[in-house]
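Undergrad: Supplied in structure tokens, the structure appears directly below.
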Amino acid sequence: MLSFSELWITIAAYIALILGIGSFINHQRSKNPGASLFTSKLPWFQNVMTYIASLMSVWLFFAGPAGYYKGGFTYWISEMIWLPVYALLAHFVTNRIWVLSRKRQYITPADTFCDRFQGPGSKLLRAMVAVIMMISAFPYVTSVIAAIAQGGVRVSDGSISYGAIILTIGVAMVLFTTIGGFKSVALTDTIQGILFFIVIWLIAFVALFYMFGGDFFGAVKEVYNTDGGAFFSYPGPYGWESYGYRFGYPFALIVGYSVMLPHVFVRACYSGRDLKTQRKMATWTPAIRFLVWTGCFIVGMVCFAAMPGLDSKASEYVIPYMIEGTIFPVNPIFAHILMVLFFCGACGVGISTADSYLLSAASIVSDDFIHGLLGIKLTRKNSILVGRIVIFIIGMAGVMMAINPPGLIADMIMFSIGITMPLFPVLVLGIWWKKATTIAANTAVIGGMIGIWITYIVLHNGGTYYGALGTAISFILMIVVSLLTYKPEKENNKYHEDMQEGLDEIYIVDPAAR
Amino acid sequence: MKLLKIEKYWLIFTVVLFIIFNIPGVPPQGNVTGAILWCVGGMALSWIVHFTINARIFKIYKPRKTEAAFLTENAEIDRIANEEAMAELEADSAKQVQR
């Protein structure tokens, strides 16, 4: 639908914008030699938006509408019902890590784990956490670049080749992240977050208006008539929302998606500027996620009513199908504008996730592998240089993988989430249980990974339960092995004292509540 | 780190709701009214309880420091980092001069 030149102008304008922001932030940082490439302290709105933007990925414009199209109302609910659990996670987990992070200047997720678990095997734990986080990075970055390129090919009716878009977007993304670092990623995430929020709701309203004359209940009625109510009941119109999936998918979202993905972990636990930021995160992120996903759900539902019967792959492109098939014949200029916005929104939401991931992956290599494991002490200047080289290498590897991506976008993203889940019990028990040991942490991580392998390879149930079995194994091993191996002299006993001290410094607890 | 009563209730509520909501076979497959009631009821309960308890937690855990105090601390952390970076840069250039 978009011509060759229209799409290239869109891509060029978009790239110019993000590279401009990256260069500006880089210029600012040059005045501040102590500023890190990987971390920064952000005010609440920016922290909330960079958290949301780095979570959303291309899911929002591709796999999201497809998910609601195939999963129906009960699938949407299975996500929405558990969003406020983030407030609980913030109180019991992320805010506690944040308190210590202020004192100890953590950079990577492994820093938290290895600060708590300093007994024999601490280096092995750092290596395993770092490797798991790195493994989760590749499918995510790959899926994002692949989805943007597939979207580009789709909106241009194949007038631009898939490889050309991948190389252009991929290289621009890598350059932008390399130049700007965390601060520019956070700033562009905020801008892109606002953009994609507006675009998804615009598309939802437009879909409703053009397909059902703005009658929401008319659309609901049509959905009901289309499939006799399957959309509004279990297991959904395509049989997706089985009882097992109703448990496995939200569990992955609560544990993996909301906290354990490396780029999300850094935002939830390290980058808050003050307590107000952490508290706003707890209340605002569930609310904004609800609004964004609900816009996406309306798109999926309306498209289901108007274009039933699409297969899995085609359903990931319901938005361009809708623009092309319904809006273009009536209002071609508006359809063009909408297609450009759709593509920009997809780029924005995708790149904001991928650059966050790239940055986390680079900090893992620089801080965990080079500094933590090899023991090479880098100066700040060299650390930034190494970080940039690593971003470039990982980013280009993601670009290469995206040229021939495996499977559906949704499957790649969910694997990334699933693989980080077994780290959650190690983290939580480490924070809350003094008897948790380093040996147990290592055993739990290994056991958890075996659980992931069993789920995906042996049982072929990865698409239903994700990392649930791995998390359960990790939790059990963590408790059993800790009870068997606990020796106070071998563990970091100062950790809990320091955390309590940190909490006492920032909170006054109402004595009546005790 | 002892849990407050409200924290214990919060955890128990979340786990119990998760278990109850995921009881296999409830609501039966294909039952539209049952699914809508189950889903909307579960969602309303989850949002109301979590946000209510969270608000209560904010009141119990009152901030000891002001925003300004946090900003001062952050500025101090940045200042130290800048000084260290400057020292590293100076040491680097001294080495180069020696060579």
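Readers should treat all values here as calculations from the given coordinates under stated rules, not as data from a laboratory. The structure displayed is predicted, hence computed values, not measured ones. Note that each Cβ is placed from the backbone with ideal geometry, even for glycine, and that neighbours are counted across all protein chains shown.
Undergrad: Within straight cross-link reach of residue B:62, meaning Cα distance under 17 Å, which aspartates and glutamates are found once same-chain residues fewer than 8 apart are removed?
TA: Result set, ordered by chain and number: A:274, A:501, A:504, A:505, A:510, B:7.
Undergrad: Long-range amide H contacts for residue A:42: which residues qualify at under 5 Å (H placed 1.01 Å from N, peptide plane, sequence gap of 5 or more or a different chain)?
TA: A:272, A:273
Undergrad: Hey, what angle do you get for helix A:122-155 against the long axis of chain A, alpha-carbon based, 0 to 90 degrees rounded to 10?
TA: Computed tilt is about 10 degrees.
Undergrad: Plugging the Kirkwood radius over Cα pairs into Stokes-Einstein for the stretch A:312-444, at a temperature of 25 °C and a viscosity of 0.890 mPa s, what D comes out in µm²/s?
TA: Translational D for this selection: 129 µm²/s.
Undergrad: Let me ask something else about it. For the stretch A:159-310, take the convex hull of the Cα atoms, compute a quarter of its surface area, and give me that in nm², please.
TA: 12.4 nm²
Undergrad: Something else: Under the rule of at least 5 residues apart or a separate chain, name every residue whose amide H is placed under 5 Å from the amide H of residue A:507.
TA: Correct list: B:64.
Undergrad: In addition: Which FRET efficiency, nearest 0.05, do residue B:44 and residue A:459 yield, Cβ-Cβ r, R0 51 Å?
TA: 0.90
Undergrad: Straight distance only, please: which lysines reach the Cα of residue A:490 with their own Cα at less than 21 Å, same-chain residues fewer than 8 apart left out?
TA: Straight-line reach from residue A:490, under 21 Å: A:123, A:434, A:435.
Undergrad: Under a cut-off of 24 Å between alpha-carbon atoms, report the lysines in cross-link reach of residue A:313, not counting same-chain residues fewer than 8 places apart.
TA: Reachable lysines: A:70.
Undergrad: Another question, then. Once amide H atoms are built 1.01 Å from N in the peptide plane, which residues 5 or more positions from residue B:31, or in another chain, come under 5 Å H to H?
TA: A:234
Undergrad: Also, quick follow-up: Is the stretch A:1-74 rounded, prolate or oblate when judged by the Cα gyration tensor, a ≥ b ≥ c being the square roots of its eigenvalues, rounded requiring a/c under 1.5 and prolate requiring a/b larger than b/c?
TA: It comes out oblate by the Cα gyration axes.
Undergrad: How many Cβ atoms of partner chains, on average, are near each residue of A:499-509 if near means within 10 Å of its Cβ?
TA: Taking all residues of A:499-509 together, the mean is 3.
Undergrad: While we're looking at this one, here's another question. Among A:155, A:467, A:20, flag the residue with its Cα farthest along the positive direction of the charge dipole of chain A, charges on Cβ as +1 for Lys/Arg and -1 for Asp/Glu.
TA: A:20
Undergrad: Computed over the Cα atoms of chain A, what is the convex hull's projected area averaged over all directions, in nm²?
TA: Dividing the Cα hull surface by four gives the mean projection, 24.0 nm².
Undergrad: Let me ask something else. Show me, for the stretch A:458-463, the HN-Hα J-couplings you get by feeding each phi into the Karplus relation (A = 6.51, B = -1.76, C = 1.60, θ = phi - 60°), rounded to Hz, glycine and proline as x.
TA: Couplings: 7, 8, 6, 10, x, x Hz.
Undergrad: How do A:339-352, B:84-97 rank on mean C-beta neighbours within 10 Å, highest first?
TA: Peptide ranking by packing, descending: A:339-352, B:84-97.
Undergrad: Let me ask something else. Roughly how many nanometres apart are two label points built 7 Å out from the Cα toward the Cβ at residue A:334 and residue B:64?
TA: 5.8 nm
Undergrad: Please list, in order along the stretch B:44-54, the HN-Hα scalar couplings obtained from phi with the Karplus expression 6.51 cos²θ - 1.76 cosθ + 1.60 (θ = phi - 60°), rounded to whole Hz, x for Gly and Pro.
TA: Using θ = phi - 60°, the values come out as 4, 4, 4, 5, 5, 5, 4, 6, 5, 5, 4 Hz.
Undergrad: Follow-up question, since we're still on this one. Quickly estimate the mean residue ellipticity at 222 nm for chain A, helices only: each DSSP H run with n ≥ 4 gives -39500 (n - 2.57), and the total goes over all residues, rounded to 500.
TA: Here the helix-only value at 222 nm equals -24000 deg cm²/dmol.
Undergrad: To the nearest 10 degrees, how steep is helix A:275-306 against the longest Cα principal axis of chain A, on a 0 to 90 scale?
TA: 30 degrees
Undergrad: What net charge is computed for the residues neighbouring residue A:154, neighbours being all others with C-beta under 12 Å from the C-beta of residue A:154, Lys and Arg scored +1, Asp and Glu -1?
TA: It works out to a net charge of -2.
Undergrad: Take every residue in peptide B:63-75, count the Cβ atoms of other chains within 10 Å of its Cβ, and give the average of those counts.
TA: 5
Undergrad: Going out from 0 in 10 Å bins, what whole percent of all Cα-Cα distances in the stretch A:421-499 drops into each bin?
TA: All Cα pairs considered, the percentages come to 22, 44, 23, 10, 1.
Undergrad: Given all pairs of different Cα atoms, what value in angstroms does the Kirkwood hydrodynamic radius of the stretch A:58-164 take?
TA: When all Cα pairs of the stretch A:58-164 are included, the Kirkwood radius is 17.7 Å.
Undergrad: According to the Cα gyration tensor, what semi-axes, each the square root of 5 times an eigenvalue, does the equivalent ellipsoid of the stretch A:376-509 have, listed from largest to smallest in whole Å?
TA: Over the Cα atoms of the stretch A:376-509, the semi-axes work out to 32, 26, 14 Å.
Undergrad: May I ask for the Kirkwood hydrodynamic radius of the stretch A:414-453, worked out over all distinct Cα pairs and given in angstroms to one decimal?
TA: 10.5 Å
Undergrad: Taking one equal scatterer on every alpha-carbon of the stretch B:1-62, how large is log10 of I(q)/I(0) by Debye at q = 0.13, 0.16 1/Å?
TA: -0.45, -0.61
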